[in-house]
Each structure stands twice: as C-alpha cells, then as structure tokens.
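In what follows, a single structure is set out as structure tokens and then discussed.
No lab work stands behind these numbers, since they all come straight from the coordinates. Fair warning: this is a prediction, and the values are worked out from it, not measured in the lab. Cβ placement follows ideal geometry from the backbone for every residue including glycine, while neighbour counts extend to all protein chains displayed.
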Amino acid sequence: MRLLGRPGPLRSTALAARPPGRLRAGPWRRGSSRGRLGSTMAEEAKRLAACAAVDKHVQNNQVLGIGSGSTIVHAVHRLAERVKEENLTIVCIPTSFQARQLILQNGLTLSDLDRHPELDVAIDGADEVDSDLNLIKGGGGCLTQEKIVAGYAKCFIVIADYRKKSESLGEKWKKGIPIEVIPMAYVPVTRALTKTFGGAVELRMAVSKAGPVVTDNGNFILDWKFDKVHEWGEVNTAIKMIPGVVETGLFINMAEVVYFGMEDGSVSVREKQPR
Ligand code: 5RP
C-alpha cells in the first residue's frame, strides 16, 4: 500500500512524479477535510479520492468507463472540469442509468460498448475493498453493468472514502454481497446460496416503491450475508454457476489501484501487488 497524503498542486503528472508519502491538496481542494458548509467528512473524502484518480489516470483521447454511486459524481465533476479547461477529447461509457444521466448532464460525450468495445480506463466506487484489492460492489444495484464495463477496460480504478477500506471483506460492509438474479429464479437461487455457502439471503426491497428493487436490467437483487470468510475467487465462480444468477458484486482481482479519501484530508493509494 502506498500512502499519498495532503496533495500539493495536483495534476496527473504531478501526482505521477510524486514519491510515496502524504500529498497536499490539489487545485480542486475546496476546504479543509473537516468539511465545507453542508459537506460531511466522508463526502469530502470521496471528492478527494475522485479528483486524485481523475487527475492521475485520465488523459486526452481516452475511452473512459463511468461507474455508479455517490463517489463517482465527484469524479464526473472533476472530469468535466478537466475536459473544459484542457480541451480533452474523452468518450464515456456508462455503467447505469444514473451514470448515463451524469455524463449527459455534465456535457460529456456518451458512447456505448457497441462503438467502443475496449476502454482505456474505468473508474468506479466500491462498498468495501480488502487488502488484496478485492471488492464488494452493488450497493446501488448496478453491479452487472459495472462489472462488464470494468472487465473490458485496460485499467480499472476504484475511488472510495475511508469507511470502505478494510483488510478482509465483510469487516466494514455489513449488508452482504449483492447478487443480481433473474426474477423468476430468486427463490431457488436463495435456497441454493444458503444451502451451499451458509449465511442468510435477503431479497432487496425498494424504498419508494412497493416490492423489490428492480435493476436497470429488469432483474432482482439478493443480498447474501455470509457468516464466514470464504475463498472469494472460488465462491464467486461457484455462485455464477447457479442457474438464475446474472452476476455477483464480488470483483475479484479486477482493480489495479484504489484511491481512498481519508479523514485527515489525505489520499491513501492501494495498488495491486505484482504476483
Ligand atoms: C453501485 C456500486 C457503487 O459503486 C458502490 O455502491 C459505492 O457507492 P458510493 O460511491 O455511493 O459509496 O457498486 O452498484
């Protein structure tokens, strides 16, 4: 793990050239980590991580995957700022309806995998990141398109606040591993999951709608609350073999680098270790 902290004037090149250590605030830093008016510490941490990642990894003429959730909003804002200031040509591939709206609302160029089947970089949030850079994703229910987009990117970058940083999956994220399922199969998939792997499974229910959450793909989400630490690569493969499962929120061995915005206003960087 690399600890960058309190970034100084921070651009992609500046960050790249900087040796490991705490970085000072970049030009995008608006206030102290203790928050601007109306902004929580976690929100500021998300913004710091997002800005550091965009400044480090985005270059002209790239095809970029845009993740979903609240952290990615900050990345899109910073991206739009850079596109305008530096006159960059960037094409964006969304991972959800939300991401598509964000791209359009921020005046960025929207595309799709038909036209751009290979991406240079995908940037996305996560619900938890372990010490091997394995992730739980899907808190926002967009895991399937997120995994597709990340899977076709040459480089997958994750941005998160300090609350997502853990050693072992399940240490921080207590809502379980999201699993997208075909609606007609949610009961047998639930039974197969608990029988094979233990724990408890819940059908995710909508908040401002009667009934379950329906994903952008028209499916349901099961949240599997596991009761022990598993070998996550094997479990992920096994879950995907259950008929009716579309995708899991386990992102194993996919992320190259994770940027965590920290409570003290620094950005901590976890990188994939060479095997
Ligand atoms: C949505 C996701 C999000 O990236 C994840 O839930 C993190 O969200 P946030 O940035 O709001 O914490 O996987 O499916």
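Look at Leu79, Leu102 and count the other Cβ atoms within 10 Å of each Cβ; fewest to most, that gives Leu102, Leu79. Multiplying the residue separation of Glu171 and Val187 by 0.36 nm and subtracting their alpha-carbon distance yields 3.0 nm.
Per-residue ellipticity at 222 nm, computed for the chain from helices alone with -39500 (n - 2.57) per DSSP H run of at least four residues, works out to -8500 deg cm²/dmol. At q = 0.12, 0.16 Å⁻¹ the log10 of I(q)/I(0) for the chain amounts to -0.72, -1.23, computed by Debye summation with a single uniform scatterer per C-alpha, solvent ignored. With both residues required to sit in the chain, DSSP beta bridges show an antiparallel share near 55%. Only Cα pairs within less than 10 Å get springs; with that Gaussian network setup on the chain, which residue of Lys175, Lys195, Lys147 has the largest fluctuation? Among Lys175, Lys195, Lys147, the largest GNM mean-square fluctuation belongs to Lys195.
Listed by chain and number, the aspartates and glutamates whose alpha-carbon sits under 17 Å from that of Lys174, ignoring those within fewer than 8 places in the same chain, are Asp127, Glu128, Asp130, Asp161, Glu202, Asp223, Asp227.
Once the chain from His116 to Lys209 is taken as fully extended at 0.36 nm per residue, the excess over their C-alpha distance is 30.0 nm. With a threshold of 23 Å on the Cα-Cα distance, the over-threshold entries among Lys154/Lys272; Lys84/Lys147; Lys84/Lys165; Lys165/Lys209 are Lys84/Lys147; Lys84/Lys165; Lys165/Lys209. If you run the Gaussian network model on the chain, springs between alpha carbon atoms under 10 Å, then out of Ser96, Ser68, Ser111 the most flexible one is Ser111.
Mean-square fluctuations from a GNM of the chain, with a 10 angstrom spring cutoff on Cα atoms, peak among Leu169, Leu48, Leu108 at Leu108. Rounded to the nearest 0.05, what FRET efficiency is calculated for Lys84 and Thr196 with R0 set to 51 Å and r the Cβ-Cβ distance? Working from the Cβ atoms, E equals 0.50.
Local charge for Gly244 was computed over the other residues whose Cβ lies under 15 Å away, with Lys and Arg +1 and Asp and Glu -1, and equals +1. Note on Glu256, Glu167, Glu128: ascending count of other Cβ atoms within 10 Å places them as Glu167, Glu256, Glu128, the fewest first. Residues Arg82, Arg275 in ascending order of nearby Cβ atoms (within 10 Å, fewest first): Arg275, Arg82.
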